[in-house]
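*Asks:* Below: one structure in structure tokens.
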Amino acid sequence: MTFTPNQPDHQRAFGFQPPTTRAIPSLMPARFGPNLVGSLWACAGIVAGSLGPWTSSSALDHSGIDECGVITLLLAMGAVTALIAIMVRDVTPDMKNHCTGPLVGIAVLIVAVGNAATIVGRSAEVAGHTTGPSIGWGLWVVIVSAVILCITSSTVAHLIRFQAAMITRS
């Protein structure tokens, strides 16, 4: 119990502490805020691409859900959860979910590029013309969004590690 001058006796008797003036943490630290927003938009791109067509042919299109889009969709939702947790929490040295975004980006990239290679491998060359399925726009969106997620979330992870190291030193 501390004594504060000008504090009424009834507050002093029950150990009332006057409210302190401390800074309220912002929802998103300004230094890595744009990269967090970019990571969230990349996750939205992965979700949209996972629902879009991954294979297009003259007969029909196959959506990502028919292929491995369910995997990329679930990975993107996990990354969104981790990124939102980073956004609303203070950066502390014990923060462990800062590597989720880059790892999800790499995993989605592996799944998407593997599916793209499989789709390209299904095509055949007949009389000098390539026939067969081609890569649909959904898979292209997933690949590009996964690369963006890797870059932006890696930047966020690096800045969090740097800020946590600065907190630990002080």
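*Asks:* Give, in nm to one decimal, the length gained when the segment between I151 and V120 is fully stretched (0.36 nm per residue of separation minus the Cα-Cα distance). Could the numbers behind the result be given before it?
*Replies:* Details: separation 31, 0.36 × 31 = 11.16 nm, distance 2.62 nm.
Contour length minus Cα-Cα distance gives 8.5 nm.
*Asks:* Gain in length, I65 to V37, computed as 0.36 nm per residue apart minus the alpha-carbon separation, to one decimal in nm?
*Replies:* Values: separation 28, 0.36 × 28 = 10.08 nm, distance 2.58 nm.
Gain on extension, I65 to V37, equals 7.5 nm.
*Asks:* A follow-up question, please. Give me the Kirkwood hydrodynamic radius of region 32-169 in Å, from all C-alpha pairs, to one decimal place?
*Replies:* Working: mean 1/r = 0.0634 Å⁻¹.
Roughly 15.8 Å, rounded to one decimal.
*Asks:* Continuing with this model, one more query. Once amide H atoms are built 1.01 Å from N in the peptide plane, which residues 5 or more positions from S134, or in another chain, come under 5 Å H to H?
*Replies:* Amide H neighbours of S134: S56, S57.
*Asks:* I've got another one for you. Length gain on complete extension for the stretch T81 to H129, per 0.36 nm per residue less the alpha carbon to alpha carbon distance?
*Replies:* Value of the extension gain: 12.7 nm.
The numbers here are math on the coordinates, done by the rules we state, and not lab data. On a predicted model such as this, the values are computed, not experimentally measured, just so you know.
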